[in-house]
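Before any comments, here is the structure.
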Amino acid sequence: MERNLKNVLVISFGFLLLFTAYSGLQSLQSSLNAEEGLGVASLSVLFAALTLSSMFLPPVIIKKLGCKWTIAASMCCYVTYSLGNFYASWYTLIPTSVILGLGGAPLWSAKCTYLTIAGTSYAEKAGKNAKDIINQYFGIFFLVFQTSGVWGNLISSLILSQSSNQGEISEEDLECCGAYDCLTDATNSTGSERPSDSLIYTLVGVYTASGVLAVLLVIIFLDQIKSDQEETENKKLEASSFWSTFLATFRHLKDKRQCLLIPLTMYSGFEQAFLAGDYSKSFMTCALGIHYVGYMMICFAGINSLCSLLFGKISQFTGRKLLFALAAVLNTGCIITVLLWKPDPKQLAVFFVIPGLWGVSDAVWQTQTNALYGILFEKNKEAAFANYRLWESVGFVIAFAYSTKLRVYVKTYIVLSVLVLSMVTYGAVEYLEAKSSPGTPAATKKENGGPHSQETHM
């Protein structure tokens, strides 16, 4: 096997093992560590740390350690979060959430840098176009990586389904499920009862082992990048590092279009946090049991991945406006259903239809918002995407921060309000674009194309 391709596969399967653990733990936090809102508080702290990390750490860490050891060290940060879940408390989960958040940004930056260098290196040897090879390598990476959500949640559901706490949920307990929940740490005595310690230790043990395997895979099998290539990439990183990146991010807010896109970008964080934190706890766990959360997230992640691929292809024919309208309608329908529907275990299909449709709309938010940033701010991509990461993380932080303080119906209205606001401000952006370049072929061409990314994972 060609050396660069081998390295791409090592990184891809390393990330698969690492995020199999992380995605499973993230989905379960609101249900598994519900006492005093510890689980969602840890996620809020995690995304806050990630926001700070994104602004300052990647160039500095990669310059000091190089790509290989940055990836290995950052993966160890994720493993500490798994370890913190063995004895979940404010003294274990919050510090490990900070550690994971700080390691998240260097991990993704080092991965992108490594794949770019590997692609360029192979293209030079083979006499091929570097851009084509880099795209091919990223395609291989995401093909492998995107399945992590399926495996992580499948593991949790299979292990937690062994719980002896399962049983028939009474009508009285069901009254505390849904949008008008009772705002207690344990919403009923059957469905959301914490699994036995032995099952939790088994689950977290499997996740920790998966993370450790990811670290070992990278340390043993990933090659170091040649020093001359690494030096070139470090210079590029230095040029856009620390204060220059920080200041450029906020200077970019002088662009009226960027300010108008803030609600849409934050909405991406709000809606993902609502599904993972509130729907999973107050609907799935409360009415069906914690072992169903994994199956729900598999449904969401599977449909999301397929639709992301589909929308990336068909956007050139439909244009982004139609896709945004579709996502808004589907998400609004799901939100209204959540408000009006009283969860009933006999209506099992409904529990999965909602996250399925949510996955369709989330695929639009991820692919088309990324594409929109790439198209509108083509000459200033770095600052634009730094703003994207910043405001999406702010959305996550806010949503997880108020998660334990408000009843679900209030949080549902907040999500709906942010959606309406984001569609109004997005419409204003489209109006400004149409006004600045009415009917020009270039504008039409731009609207129908553009890059799309699914790198919303931590």
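In the stretch 249-436, with Lys and Arg counted as +1 and Asp and Glu as -1 at Cβ, which of these residues, Pro343, Phe274, Phe396, has the Cα nearest the positive end of the dipole, that is, farthest along it? It is Phe396, whose Cα lies furthest towards the positive end. Available extension along the chain between Trp341 and Cys76 is 91.2 nm, counting 0.36 nm per residue and deducting the alpha carbon span. For the stretch 249-436, what does the alpha-carbon gyration tensor say about shape, rounded, prolate or oblate, given a ≥ b ≥ c as the root eigenvalues, a/c under 1.5 as rounded, and a/b over b/c as prolate? Note, shape of the stretch 249-436 comes out prolate. Does a label point 7 Å from the Cα of Glu35, set along Cα-to-beta-carbon, have any residues of the stretch 74-95 with amide nitrogen under 18 Å, and which are they? Those under the cut-off are 83-95. For the chain, the Kirkwood estimate of the hydrodynamic radius, built from every pair of different alpha carbons, is 22.7 Å.
For the stretch 249-436, relative contact order (Cα pairs under 8 Å, six or more residues apart, normalised by length) works out to 45 percent. For the chain, the relative contact order is 25 percent, taking Cα pairs closer than 8 Å that sit 6 or more residues apart in sequence and dividing their mean separation by the residue count. Each Lys and Arg Cβ is given +1 and each Asp and Glu Cβ -1; about its Cα centre, the chain then shows a dipole of about 1660 debye. What whole number of Å gives the distance from the Cα centroid of the stretch 398-417 to the Cα centroid of the stretch 1-36? What the calculation gives is 28 Å, centre to centre. Note on Leu310: accessible area approximately 90 square angstrom, rounded to 10, probe 1.4 Å, nucleic acids and ligands left out. Between Asp197 and Cys182, full extension at 0.36 nm per residue minus the direct alpha carbon distance yields a gain of 2.8 nm. Maximal additional length on extending the Lys6-Trp90 stretch stands at 26.1 nm, based on 0.36 nm per residue less the C-alpha distance. Take each peptide in 50-58, 213-221, 365-373, count the other Cβ atoms within 10 Å of every residue, and average; sorted highest first, the result is 365-373, 50-58, 213-221. Comparing Met75, Phe221, Val98 along the charge dipole axis of the chain, the residue lying farthest to the positive side is Phe221, per the Cβ-charge model. In this label model, Lys381 and Lys64 are separated by 2.9 nm, measuring between points 7 Å along each Cα→Cβ vector. Calculated FRET efficiency, Leu158 to Ile220, Cβ-Cβ distance, R0 = 41 Å: about 0.90 to the nearest 0.05. Once both labels are positioned 7 Å from their Cα atoms along Cα-to-Cβ, the gap between Tyr409 and Val329 label points is 2.8 nm.
Protection proxy ranking, highest mean first, for peptides 247-258, 325-336: 325-336, 247-258, where packing is the per-residue count of other beta-carbon atoms within 10 Å, averaged. Taking the 1.4 Å solvent-accessible surface of the stretch 249-436 as the whole, the part contributed by carbon and sulfur is 69%.
Approximating the spin labels as points 7 Å out from Cα along Cα→Cβ, the Val424-to-Leu52 distance works out to 3.4 nm.
For the stretch 424-435, the Karplus equation 6.51 cos²θ - 1.76 cosθ + 1.60, evaluated at θ = phi - 60°, returns couplings of 5, 5, 5, x, 5, 5, 4, 5, 5, 5, 5, 5 Hz by residue, with Gly and Pro reported as x.
Grab the other residues whose beta carbon is less than 13 angstrom from that of Ser89, score K and R as +1, D and E as -1, and report the net. Local charge sum for Ser89: -2. Legend: calculated FRET efficiency, Tyr402 to Gln316, from the Cβ-Cβ distance at R0 = 41 Å, rounded to 0.05, equals 0.55.
The values are calculated or read from the model by the stated rules, or taken from the named source; none is laboratory data. Here the structure is a predicted model, which is why all the values come from computation and not from measurement. Here the Cβ is made from the backbone with ideal geometry for all residues, glycine too, and neighbour counts use every protein chain on show. For the accessible areas, the whole protein counts, side chains as well, though only heavy atoms, and no ligand, DNA or RNA atoms are used. Shrake-Rupley method; radii C 1.70, N 1.55, O 1.52, S 1.80 Å.
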